[in-house]
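For reference, the structure discussed in these notes is given below.
Only the coordinates and a few stated rules stand behind these numbers; no lab work does. Since we're looking at a predicted model, the values are computed, not measured. Note: ideal-geometry Cβ built from the backbone for every residue, glycine included; neighbour counts use all protein chains shown.
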Amino acid sequence: MSIRVQNIVKRFGAFVALDNVTLDFPSGELVGLLGPSGCGKTTLLRIIAGLEAPDSGQVFLDNHDASTADARERQVGFVFQHYALFRHMTVFDNVAFGLRVKPRRQRPGADEIRRRVQELLSLVQLDCLADRYPAQLSGGQRQRIALARALAVEPRVLLLDEPFGALDAKVRKELRRWLRQLHNALHITSIFVTHDQEEALEVSDRVVLMNRGRVEQMGAPDQVYEHPATPFVYGFLGAVNLFHGRINGYQLQVGEENLPLAENGFQSGTEALGFVRPHELDIDTDLASRAGIEARVERVLALGAMARIELTGAMGETTCHYEVELPRERAAVLKLSAGQIVRLKPARIRLFASDSQSAEQVPYLPVEHMVGGYGENI
Amino acid sequence: MSANVAARWTTQTRRFEKNAATREPAWVKAALMTVALLFFGLFLLLPLATVFAEALRKGWQVYFAALAEPDARSAMVLTLLVAAIAVPLNLIFGLAAAWAIAKFDFRGKQLLTTLIDLPFSVSPVIAGLIYVLIFGAQGWFGPWLIENDIKMIFAVPGLVLATVFVTFPFVARELIPLMQAQGREEEEAAIVLGASGWKTFWYVTLPNIKWGLIYGVVLCNARAMGEFGAVSVVSGHIRGRTNTLPLHVEILYNEYQFAAAFAVASLLALLALLTLIIKSFVEWQGRQSMHTSQNISEVIQ
C-alpha cells in the first residue's frame, strides 16, 4: 500500500520539527528515512502511524486521506526504538496481543491465534522462545519479537523507528541483512528511520535524507550517494574533504593554489565549495609539480585493503584537515611518513555555490562526517 | 520501585564493606550499629511491647471484655466503614492523578504534583478544621445543609471526608514515579495494535503498576484506620456513633481505663504489624516480577 504525506508541518513549541514535508512512498518498497538526530524523521514516522498529529498537512494511506483516522484504525505495524514489548507478558502473549484485543466479531478463535503466532515466531526464527519473558531475551531477539508482534495484525504498512539503534555492531549487521530478506519475502510497504548512513544505503530501496525538518533529497541509494543534491547530503553520506575557493574559468582557486575542474556551471569569480570524497583524492610526492594542494602527512593508517591517510594543510591563517583513502599497494609505493609534505590531487570535485541557501547549512554538518574543511566555521 | 532500589543497595553495600579501600574501622561499625539498635529498641520496640503488656496486664478476660464492649465494637465497625469508603475513593483519585501527571502534558502539572503532597505537609488538625469551616453549622454550607437535613460534621460523611483528605497522597505518590519511569511506549504499542483505551489500561497499564498500586493501597489503608487528628476535629466524639478506634482509645485513656485503652490500642498495633507484613510481601512480589515477570502473566490470560 502506498503512503503519501503532503505539506506536513509540526512544531513543538518554537522548534519546527517538520517544515512542509511532502513525500511519496511507493507501494511495496523499503524506504530509509535518514538524517541527524532532531531532523524530524521519527516525528514523521509517528505522524504516519497516527501517534502524533501534524499541525497542518495530510497523510494518505492507499490514496485515502487518513489524516483524521485514529491510530487504531490505520492498520500500521510500528516497531519502537526500544521495542516497547509488554514486559509482563510472555513472547507468545506479546505476539498474540494484537489478535486478542480485536473486537469480538473480528477476533480469531484460540486455535487460530495459536497457529498464527507460531507461524510468526517461526518467521522470525524464535519459535523456541514462546514462553520466555522480554527481560530474558537479548536485544536482537527482542527486536525480532517486536517485529513479529507488529506483523501479527497483518498491517498494511510497517514502520520501524531506529530498528537497530540499540544493538551492538555485529548483531546490527546480521539483523540488517535479515530485515532485507524479510522484506523481500513479504513485500509490505515499509519505512524505517535511522541516523546511520551505511545502514540506510545498504538496506533500503530508496533513501530519504532529512535535515532540520526538511527533505534534502530522495532517491535510490547509489543515486543519492553518487549525485548528492545538496552539500548536506554530500557531507552526511560519508566522509568529505572540503575546499573553499573561488571559480576561475575551469579552475577552483583555493588560496594560492588552483584545482582543475572537469565541468563548471558557475560564473568566474563566484565563491564556491568543492567537495571531494577521501577515495577521490590522490597523493603526489613530487613537490615540483604545481598541481593540487600542498598538505602535510599526519598519520598513516593501513588497515585492510585500504590505507587511510590523515593530513593537514594551511590555508592562510586556518589549518584544515584532510583525509585520503588509497589502495594499500598505492600507499606502499608512495612510502608516506608522518611530517612529509605532499600534494593532494582531486580526481573529481563536486561544486556547490557557497552563498546558496543550502550551503549555509554546511557549518551544521555533524562533526563525525566532517574530516576536512577550510573556512571560519568548520 | 523502592523494593528494587533496596535490592541494588544491598549488593552495593556488601561490596563497599568488603573493599579494604572503603572499609571503615570495626569500632565505627559497632558504634553506628549500637546507636541505631538502641534507638530502635527504645523508641520503637519498647512502646510496641508495652502496648501488648499493658493490654494483657489484667488478664485475657479483661482484654476480650474491653474489645467486646458495644462502644468498642461500634468503633471497630465505624473504622472499617470509613476505611472501606475512603480507600477505594483514594484508589481511584490516586490512579487518575498519577495517570494525568505521568502520561499527559498540561498546564499546571507542576502545581498539581506539588498540591498532591499538601495533606502530608498540613497538620491533620487543620485538615479537620477546614471541613468544619466549610460544612459545620457556622460554615459556608452549614445553613443549606441544615435546611436539607444533611449531616456532614459530627457524622460519618465528615469522618470520610477528613480521612480521604489525609490519605490522598499515598496511592498517587507511589504511582507517579513508577508510571513516569515506565513511559508511554507500551501504551502506544497497544494502541497501534488496535487495543481500545479500556483494553490498553486493563491489559497493559494495570499489570505494570499492579504491585505499586497494592503497596500504595496498603499504606493508605493503614493511615485511614489509624488517623487521629483530622478525624478528632470532625467527629464530635459521640460514643457509639462517631468514635473511631483511635478516638475510642483516647476516651478510654482519659477515663483511666488503662487496660481497656491498651487492649483497643493493641488492635491498632496488630493492624500496623499486619500492614508491615503485607507491605514486605508486596515489595518482595514486586521485585520477583521485576526479575522474571513470571508472577503477573496470569492477569492477561
Next on the checklist: Could you identify which residue out of B:Gly136, B:Gly197, B:Gly236 has the top mean-square fluctuation in a GNM of chain B using Cα springs shorter than 10 Å?
Outcome noted: B:Gly197
Next on the checklist: I need A:Asp161, A:Asp62 ordered by Cβ neighbour count within 10 Å, fewest first.
Outcome noted: A:Asp62, A:Asp161
Item to check | Distance (nanometres) between label positions extended 7 Å along Cα→Cβ at A:Arg114 and A:Glu271 | outcome: 7.3 nm
Checklist outcome for this item: Bounding extents of chain B in its principal axis frame from Cα atoms, largest first in Å, are 59, 57, 38
Next on the checklist: Can you sort A:Cys128, A:Cys320 from fewest to most other Cβ atoms within 10 Å of each residue's own Cβ?
Outcome noted: A:Cys128, A:Cys320
Checklist outcome for this item: Length gained if A:Glu154 through A:Val333 is fully extended, taking 0.36 nm per residue and subtracting the Cα-Cα distance, is 58.6 nm
Item to check | Beta bridges per DSSP with both ends in chain A, % antiparallel, nearest 5 | outcome: 75 percent
Item to check | Relative contact order, percent, chain A [alpha-carbon distance under 8 Å, six or more residues apart] | outcome: 16 percent
Item to check | Neighbour-limited loop hits for trypsin sites (Lys or Arg not before Pro), segment A:43-145 (at most 13 other Cβ within 10 Å; DSSP other than H, G, I, E, B) | outcome: A:Arg104, A:Arg105
Checklist outcome for this item: The answer for trypsin sites (Lys or Arg not before Pro) in segment A:256-301 that fall in a DSSP coil and have at most 12 neighbouring Cβ atoms within 10 Å is A:Arg290
Item to check | When the convex hull of its Cα atoms is projected in every direction, mean area for the protein assembly as shown (nm²) | outcome: 45.5 nm²
Next on the checklist: Using a Förster radius of 56 Å, what is the FRET efficiency between A:Arg104 and B:Leu44 based on their Cβ-Cβ separation? Nearest 0.05, please.
Outcome noted: 0.50
Item to check | Longest site-free stretch - chain A; sites: GluC sites (Glu not before Pro), DSSP loop, at most 11 other Cβ within 10 Å | outcome: A:1-255
Next on the checklist: Checking the table A:Lys102/B:Lys199; A:Lys102/B:Lys210; B:Lys29/B:Lys279 against a 20 Å threshold on Cα-Cα, which pairs fail?
Outcome noted: A:Lys102/B:Lys210; B:Lys29/B:Lys279
Checklist entry - Of B:Ala127, B:Met152, B:Leu112, which is farthest on the positive side of the dipole of segment B:102-173, counting Cα position, with +1 on Lys and Arg Cβ, -1 on Asp and Glu Cβ, and the Cα centre as origin? => result B:Leu112
Checklist entry - Rounded if a/c is under 1.5, else prolate if a/b is larger than b/c, else oblate: which is segment A:313-355, with a ≥ b ≥ c the root eigenvalues of its Cα gyration tensor? => result oblate
Checklist outcome for this item: Restricted to the protein assembly as shown, the DSSP antiparallel beta bridge percent, nearest 5, is 75 percent
Checklist entry - Helix by helix, which DSSP H runs in chain B go 18 Å or more along their axis at the Cα atoms and have an average Kyte-Doolittle hydropathy of -0.5 or more? => result B:26-39, B:70-103, B:169-182, B:206-226, B:258-291
Next on the checklist: Can you tell me what percent of all Cα-Cα pairs in segment B:171-290 are more than 25 Å apart?
Outcome noted: 46 percent
Checklist outcome for this item: Taking R0 as 60 Å and r as the Cβ-Cβ distance between B:Ala100 and A:Arg348, the FRET efficiency 1/(1 + (r/R0)^6), rounded to the nearest 0.05, comes to 0.50
Checklist entry - Quick one: Kirkwood hydrodynamic radius for segment A:33-95, alpha-carbon pairs, angstrom, one decimal? => result 13.6 Å
Next on the checklist: Can you tell me the mean projection area, over all orientations, of the convex hull of chain A's alpha carbons? Units nm², please.
Outcome noted: 22.3 nm²
Checklist outcome for this item: Label model pair B:Leu270, B:Lys151: point-to-point distance (7 angstrom along the Cα→beta-carbon line) in nm is 3.0 nm
Item to check | Bins of 5 Å, starting at 0 and running to the largest distance - Cα pair percent for segment A:42-181 | outcome: 2, 10, 18, 20, 19, 15, 10, 5, 1, 0
Checklist entry - With springs only between Cα atoms under 10 Å, which of A:Ser190, A:Ser122, A:Ser37 fluctuates most in a Gaussian network model of chain A? => result A:Ser122
Next on the checklist: Step by step: find N for segment B:55-188, compute 2.2 N^0.38 Å, then divide the Cα radius of gyration by it. What's the final number?
Outcome noted: 1.41
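Using DSSP to define loop residues, name the chymotrypsin sites (Phe, Trp or Tyr not before Pro) in segment B:154-219 whose beta-carbon has at most 14 other beta-carbon atoms within 10 Å.
none
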Item to check | Set of lysines with alpha-carbon distance to A:Lys345 below 29 Å, sequence-local pairs under 8 removed | outcome: A:Lys335
Checklist entry - What is the log10 of I(q)/I(0) for segment A:157-315, computed with the Debye formula using one identical point scatterer on each Cα and no solvent, at q = 0.21 Å⁻¹? => result -1.39
Checklist entry - Hey, which aspartates and glutamates would be in cross-link range of A:Lys170, C-alpha to C-alpha under 20 Å, not counting anything within fewer than 8 residues on its own chain? => result A:Asp161, A:Glu162, A:Asp196, A:Glu198, A:Glu199, A:Glu202
Checklist entry - If R0 is 60 Å, what FRET efficiency do you get for B:Lys29 and B:Tyr253 from their C-beta distance, rounded to 0.05? => result 0.90
Next on the checklist: For Cα pairs less than 8 Å apart in space and 6+ apart in sequence, what is the mean separation divided by the residue count of segment A:192-294, i.e. the relative contact order in percent?
Outcome noted: 19 percent
Item to check | Whole-Å distance, taken between Cα centres, linking segment A:275-319 and segment A:212-267 | outcome: 18 Å
Checklist entry - Which lysines have a Cα less than 22 Å from the Cα of A:Lys10, not counting those fewer than 8 places away in the same chain? => result A:Lys41, B:Lys103
Checklist outcome for this item: Here the relative contact order (percent) of segment A:155-224, from C-alpha pairs under 8 Å and at least 6 apart, is 29 percent
Checklist entry - Taking the Cα centre of the protein assembly as shown as the origin, how large is its charge dipole in debye, to the nearest 20, when only Lys and Arg (+1) and Asp and Glu (-1) carry charge on their Cβ atoms? => result 2140 debye
Next on the checklist: Within a 10 angstrom radius of the beta carbon, how do A:Val76, A:Val208 rank from fewest other beta carbons to most?
Outcome noted: A:Val208, A:Val76
